[in-house]
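Every number here is computed from the coordinates shown, using simple stated rules; none is lab data. Quantities reported herein were computed from a predicted structural model and do not represent experimental measurements. Reconstructed Cβ throughout: ideal geometry from the backbone, glycine too, with neighbour counts over all protein chains shown.
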Amino acid sequence: MSQNPGTNPLSTRERRQTASVRLNETGPSAAAELASMMDPATKSLADALRISYRLLLASIVVLVALYFGSGVQKVGESERGMRLLFGRVVSPSLAPGAQFSAPPPIGEIVKVRVDEQSSEITFFPNLSDNEQKSLDKDGPTVLAGGGSDSLDPNANGQLITADGSIAHARWTISWRRDDLRPDFSERNVNPEHLSRIVLAIARRSIVTAAASMTLDEMMRNIPDEGRNPEQFRTIEQRARDLTQRALDDMNAGVRVQQLVMTQKFPPRRVMPDYYRVQSAESDAGAAVLESERAWQQAMQKTAGDAAAVIIDQIDRYEVELLRGDTAEAERTFAAINKLLLGEPVEIDGAVLNPRISGDVTSRLDQARQERTTMVAAARSDAELFAAKLKAFQSNSLVLVNTEWSDAYSTFLGRPGVQVLLLPPQTAGRWVLNINRDPFLAREQEMQRNTEEFQRAQQQRVRERERAQFEQRLGNTGTKLAH
């Protein structure tokens, strides 16, 4: 096939194909119409994009606010909070109320329960439901004499004391986390196991405390003979100290509020005998206290506040007599007299002036009154004798008649004398049969017997007091002057 040299093959092929797009040349009016059609669509798209962008920004702001707001938490009244930042405690004790921390995973607030928690610890034998009800209602005495002869450690709880005895007890423990450092318990102890750890430590401490004292010391909370009372502590005090010390050693952040023994009793088989002995000791102690109280009352009634000082000086006086120290005994005796008279006295370099009262005061007052009466009577008798002597020297017959008349009147005034009035004697002989008045004679006899009984009673009291005093002196050969 031959081609003409001046012909373009591409132009020939393009002319044989049908045109798919035909470009027409338009004028200015067509361009303006197309622009007017595209402007509303572009504007609508731009508005939609603008609104979507603003909504996106608002959503981001809300999400950010919610994210940071999630760090605000409320700590309850019975709780304390710990503020953490990247896992490290920055505030160990947050007070109750709303608290803020960095939101997770940057930070968080861990809440710790700090209210008081109570649990019961028992070292009881295996009891039936009825026995448990009776124990709670009437106390441990209802269990006396019951139970088996042996105890199974796997089924029966008990405490072994220092003297090898067995005791049963029920305890109550109250504890709480430390308000100031609640993070200690969270750091050092698994919170899920904290309660069981506290109970285990308390049980171990109770067993240790019981093993350090006898059964009587545990039951009565008083030391046995030979133990220093100032160093003695009850089983409750020892158990609480041991429990708190163990918790502090492990930095548990726990404070024991109370560890008290609510019930305690010896083994059921020996309970009647044990309580019988305890009752006898209690009765003996009550009798001793009653005697001491009676002694105190007697001393107070006898000499008041000065009784103790006077008794001490009397004991000192007796010791000096036993030693044969007459000079010291005389000085002590003089001090006793001053004390009885209520006068100041120097004893061992100190001047004492105790208040004297009671029977001593009344007896001393009576003695002073009797002394005054006897002196006055003696003085009066002396003056009367002098006056009668002068009257006798002046006119003896008048004085004798006067004295005889007074003596006769005094004789007739005696209780045992009866006066019978008779008419003047007439002529003849009179014979009189006189009998004593039986009623008057009986009254006189009763009065005479009463006076003799009182004198004898007073004499027996004096002899008994003197015998007691001589017995206290002992066989020293010292003789008391009557």
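Tell me the net charge near Leu364. Cut-off is 13 Å between Cβ atoms, Leu364 excluded, with +1 for each Lys or Arg and -1 for each Asp or Glu.
Neighbour charge sum, excluding Leu364 itself: 0.
For region 207-258, what does the alpha-carbon gyration tensor say about shape, rounded, prolate or oblate, given a ≥ b ≥ c as the root eigenvalues, a/c under 1.5 as rounded, and a/b over b/c as prolate?
prolate
Residues with beta-carbon under 13 Å from that of Thr262, excluding Thr262: net charge, scoring Lys, Arg +1 and Asp, Glu -1?
It works out to a net charge of -1.
Which value, in debye to the nearest 20, describes the size of the charge dipole of region 394-454 about its Cα centre when Lys and Arg Cβ atoms bear +1, Asp and Glu Cβ atoms bear -1, and nothing else is charged?
Around 300 debye, computed over region 394-454.
Test of understanding: ordering Thr214, Thr42 by Cβ neighbours within 10 Å, fewest first, what list do you get?
Going from least to most buried by this count: Thr42, Thr214.
I need Phe124, Phe184 ordered by Cβ neighbour count within 10 Å, fewest first.
Ascending Cβ contact count within 10 Å gives the list Phe124, Phe184.
Determine which lysines satisfy two conditions relative to Lys111: a Cα distance under 21 Å, and not lying fewer than 8 residues away in the same chain.
Lys74
So how far apart, in nm, are the two label points at Arg363 and Ala98 if each is 7 Å from Cα heading toward Cβ?
The two pseudo-label positions are separated by 8.6 nm.
Taking the Cα centre of region 117-269 as origin, sum charge times position over the Cβ atoms of Lys and Arg (+1) and Asp and Glu (-1), and report the length of that vector in debye to the nearest 20.
I would put it at about 200 debye.
Enumerate the calculated ³J(HN,Hα) couplings along region 289-305 in order (Karplus 6.51 cos²θ - 1.76 cosθ + 1.60, θ = phi - 60°), each rounded to whole Hz, writing x wherever the residue is Gly or Pro.
Those phi angles translate into 5, 5, 5, 5, 5, 5, 5, 4, 5, 5, 5, 5, 5, 7, 9, x, 5 Hz.
Given N residues in region 117-269, what is Rg(Cα) / (2.2 N^0.38 Å)?
1.14
Please arrange Asp348, Asp183, Asp224 by counting, for each residue, the other beta carbons lying within 10 Å of its beta carbon, fewest first.
The order, fewest Cβ neighbours first, is Asp348, Asp224, Asp183.
Label-point separation (nm) for Asp115 and Val72, each offset 7 Å from Cα along Cα-to-Cβ?
A separation of 2.6 nm, rounded to one decimal place.
Reachable aspartates and glutamates from Lys133, Cα under 17 Å, same-chain residues fewer than 8 places away excluded?
Within the straight-line limit of under 17 Å, Lys133 reaches these aspartates and glutamates: Glu120.
Could you order the peptides 232-245, 273-286 from most to least packed, using the average number of other C-beta atoms within 10 Å per residue?
So the peptides 232-245, 273-286, ranked by packing, come out 232-245, 273-286.
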